[in-house]
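The values are calculated or read from the model by the stated rules, or taken from the named source; none is laboratory data. Not measured: the values here are computed from a predicted model. FYI the Cβ positions are ideal-geometry reconstructions off the backbone, even for glycines, and counts take in every protein chain you see.
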Amino acid sequence: MQLDQMLVTAIFLLLGIGTATWADEPEVLQLHPDPSLWRTIVSKVKAVPESEAAHFAFPEDSEKGTCLAVGPWRDGLYSARFEYREKIPHLRVTVRGSYRTEKLGIYGGVVQFVYLKDGSYVSDRNCWLVPAPEWTPFEFASRVPAPGADSIAVGFGLADKTEGRIFFADLTITPEVSALRIPEDPGPVTRPAPPSNLEEGDFFRIEHHQRAWWLVSPQGEPWYSVGTSIPSGRRSRRHEEPKDVSSTEELARRMGFNSLAGWSDIWGWSRRNDDIVGRGGKPFSAFAVVDVGSRETEFDYLVDAYGRVTMERHAFPDPFDPRFEQDYRQQAREMADIARGKPWFAGYFAGNEICHRELFRHVYSEHCSSAFRDFLAERYTDIATLNTAWATDFASFEEIIERQPDPIIRSGPMHEDFHAFERVIVKRFVDITHRAIRDADPDHLIFSNRFMVDDAQAWQHLLDLYRPYDAIGLNLYPMNQTAGLDANEKAMFHLVHERTERPIIVGEWSIPAADSGLYNNADNLDWSWNEVVENQDERSRQAARVAVEFYNMPFVIGAHWFIWRDFDSERRQANRGLFKADRTPWQTLIDALTNAHRAMRLPVPYQ
């Protein structure tokens, strides 16, 4: 984010962008497809020709006339977009228009509000466009401006590199917004009724009945997991918790939560859950994450030809590095020492938000590059055959690794070979993590890495490789431009289920609100600001609606709210919690979620 901020700020300062003239306060500003009114933005990271980095054009369309077109996009960071040259001196605006796409995946197209102060970047908000082969209208609103901003720039383009294209027409800006219309009623519960008379077992399992997937408790009860990270009553590795957990436990039960989410302290909860089981009751089912990318490790992460990992704190590990498997097995054993044999423990997530972004280019860490060399040597009979296919002049397969070619151009044999090896990388990661957890604990469920939904362009083509897991983990923080989940968010859930043939569990989700007071510092805006609604009333109604919509998807087996308390420190401020940082409840939110959980008639822990 800091690099993006510096790049955007520099661009605005260099160009000296002026302010749009709204002297007469027109009801609608037409954004005409005149090349003089637009500039193109793509933050290139290598010295490649503009024609190879991103394509921008003003083509003629038989239906719309002159329009904007972006794509293919092959090199750069953050986005490739047309941006209207004039700054908009209104912070609460509505953008409307029409678009169509060619060969784009979900989360491929984007409309962006860039918030500025004195011409410098403050923050931005992305609004995603679902793939649409025909001209389709859209409408997005800037309802909550970034603090300190005095104007907005609007952009239209691509959110991730692709050989596809997106077209825009009929673009307008209106200097007003309507409220986010979220009904008081979260909507009907339409999920098929849970089955009855299921067999008891020793541990949680997953079954498909009457057109819906269910977790099944050891008592044979269909179980939809509604979880959060309930304080454990001890100083955990992540948080300092109150000494007396009985009050928080009772609060969680009254709210209808039946599960401990993946970041919960299962070490702290183990004795308490065992006690409940010993009394013949229902404990909170528990989940745990075998963390990979956000802690200090000795193994290598995958790097590209420039030494960059896929993403800081969520980098993809080098699965060919023997230290990775050793480290992962050690983590799995440590968790299994707590969870093994426990009927209240549901299962393990194999990782959290491990970034797959352009994985096919990240092959040059030490052990991965050796595996890639061997992969190419097996794929081609000799180096001369590879050179003919790639139109290169390498003296040996070893020299390929030394010179580190970067497959920017997304076509041809070289690119195809890199992409084929990408699947080898992911398959090895899946094999190692699944086997390590299963060896440590033969009885409990294993869920995939928890994919971040808005990074879907990076991993959706690899989903079939994740079928060995019992279910797929998705982390989704809704963009809140519509009541409930938007078209992109719903489409991605269906795509994941179709390609993996597995049920889905939501590892993290929540709704933040601007009136929490935690998004007032323009110099330290949390990344969750991009998703804020205006106030706690909207937050509560939106949370209830999203909770019901998750439940109504018959292949979703649970959804876990992140997190129990807000973040409020010098390091991070974010309205993620059910409670404020001082433990004061967000009561309207709690009431709304409680009522939604009751409407679902969820299984609840022992009272």
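Observations on the structure shown:
- Residue in the stretch 107-114 that is within 22 Å of residue 483 (Cα to Cα), crowded, with 23+ Cβ neighbours inside 10 Å and at pLDDT below 95 present: yes
- From 424, 363, 430, residue being at pLDDT 95 or above, more than 30 Å from residue 218 (Cβ to Cβ) and buried (at least 18 other Cβ atoms within 10 Å of the Cβ): 363
- Pick from the stretch 317-352, criterion in a strand (DSSP E or B) and of a type in the set (Gly, Ala, Ser), ranking: nearest to residue 474 (Cα to Cα): 347
- Of all residues in the stretch 359-405, those that are assigned to a loop (DSSP other than H, G, I, E, B) and either under 34 Å from the mean Cα position of the chain (by Cα) or in contact (Cβ under 8 Å) with a residue 24 or more places away in the chain (or both) total 6.
- Checked against (1) assigned to a strand (DSSP E or B); (2) free of Cβ contacts under 8 Å to residues at least 40 places away in the same chain, residue 96 passes all but a single condition, namely (2).
- Condition check for residue 410: basic (Lys, Arg) and either surrounded by fewer than 19 Cβ atoms within 10 Å (Cβ to Cβ) or closer than 30 Å to residue 445 by Cβ (or both): yes
- Residue satisfying condition, being touching a residue at least 24 places away in the same chain (Cβ under 8 Å), closer than 28 Å to residue 576 by Cα, of a type in the set (Asp, Glu) and in a helix (DSSP H, G or I), within set 464, 455, 439: 455
- Only one entry of 154, 122 meets the criterion of being β-branched (Val, Ile, Thr), in contact with a Phe, Trp or Tyr (Cβ under 9 Å, 6 or more places away or on another chain), at pLDDT 95 or above and not in a loop (DSSP other than H, G, I, E, B), and that entry is 154.
- Qualifying residue in the stretch 516-524 (condition: aliphatic (A, V, I, L, M), in a helix (DSSP H, G or I) and out of contact with any Lys or Arg (no Cβ under 9 Å at 6 or more places or on another chain)): no
- Residue check for residue 339: among the small types (Gly, Ala, Ser), over 21 Å from residue 272 (Cα atoms) and at pLDDT 95 or above: no
- Some residue of the stretch 79-99 being of a type outside the set (Gly, Ala, Ser), touching a Cys at 6+ places or on another chain (Cβ under 6 Å), crowded, with 21+ Cβ neighbours inside 10 Å and within 26 Å of residue 521 (Cβ to Cβ): no
- Of residues in the stretch 199-216 being modelled with pLDDT of 95 or more and in a loop (DSSP other than H, G, I, E, B), the one surrounded by the most Cβ atoms within 10 Å (Cβ to Cβ): 204
- Residue within the stretch 30-38 that is within 14 Å of residue 153 (Cα to Cα), modelled with pLDDT of 90 or more and crowded, with 18+ Cβ neighbours inside 10 Å present: yes
- Residue match in the stretch 533-548 (condition: within 17 Å of the chain's Cα centre (by Cα) and either of a type in the set (S, T, N, Q) or surrounded by fewer than 24 Cβ atoms within 10 Å (Cβ to Cβ) (or both)): no
Okay, residues lined up against (1) of a type in the set (Val, Ile, Thr); (2) outside any loop (DSSP other than H, G, I, E, B):
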residue: 262; (1), (2): no, no
residue: 270; (1), (2): no, yes
residue: 274; (1), (2): no, yes
residue: 283; (1), (2): no, no
residue: 299; (1), (2): no, no
residue: 305; (1), (2): no, no
residue: 310; (1), (2): yes, no
residue: 315; (1), (2): no, no
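- Subset of the stretch 485-498 (residues that are closer than 24 Å to residue 262 by Cα and not β-branched (Val, Ile, Thr)): 485, 489, 490, 492, 493, 494, 495, 497
- Where residue 148 falls short, out of the listed (1) outside any loop (DSSP other than H, G, I, E, B); (2) surrounded by fewer than 23 Cβ atoms within 10 Å (Cβ to Cβ): (1)
- Identity of the residue in the stretch 50-93, in a loop (DSSP other than H, G, I, E, B) and of a type in the set (Lys, Arg), that ends up nearest to residue 140 (Cα to Cα): 92
- Pair list, Cβ under 6 Å, 6 or more apart: the stretch 147-164 residue closer than 17 Å to residue 457 by Cβ, other residue among the polar types (S, T, N, Q): 157/79; 159/79; 160/457
- Candidates 544, 574, 596 - the one that is out of contact with any His (no Cβ under 6 Å at 6 or more places or on another chain), within 20 Å of residue 452 (Cβ to Cβ), small (Gly, Ala, Ser) and in contact (Cβ under 8 Å) with a residue 12 or more places away in the chain: 574
- Filter result for residue 562 (of a type in the set (A, V, I, L, M, F, W, C) and either free of Cβ contacts under 8 Å to residues at least 12 places away in the same chain or in contact with an Asp or Glu (Cβ under 7 Å, 6 or more places away or on another chain) (or both)): yes
- Qualifying residue in the stretch 305-323 (condition: surrounded by fewer than 19 Cβ atoms within 10 Å (Cβ to Cβ), of a type in the set (A, V, I, L, M), within 30 Å of residue 597 (Cα to Cα) and modelled with pLDDT under 95): no
- In the stretch 65-95, of all residues being over 26 Å from the mean Cα position of the chain (by Cα) and among the small types (Gly, Ala, Ser), the one that is nearest to residue 118 (Cα to Cα) corresponds to 69.
- One residue stands out among those in the stretch 571-589 that are under 11 Å from residue 513 (Cα atoms) and among the small types (Gly, Ala, Ser): the one that is farthest from the chain's Cα centre (by Cα), which is 577.
- Of the residues in the stretch 551-558, at least one is part of a strand (DSSP E or B) and in contact with a helix residue (DSSP H, G or I) (Cβ under 7 Å, 6 or more places away or on another chain).
- One residue from 523, 515, 486 being at pLDDT below 95 and more than 22 Å from residue 206 (Cα to Cα): 523
- Output for the stretch 398-443, where each listed residue is touching a Lys or Arg at 6+ places or on another chain (Cβ under 7 Å) and of a type in the set (A, V, I, L, M): 400, 401, 408, 409, 436, 440
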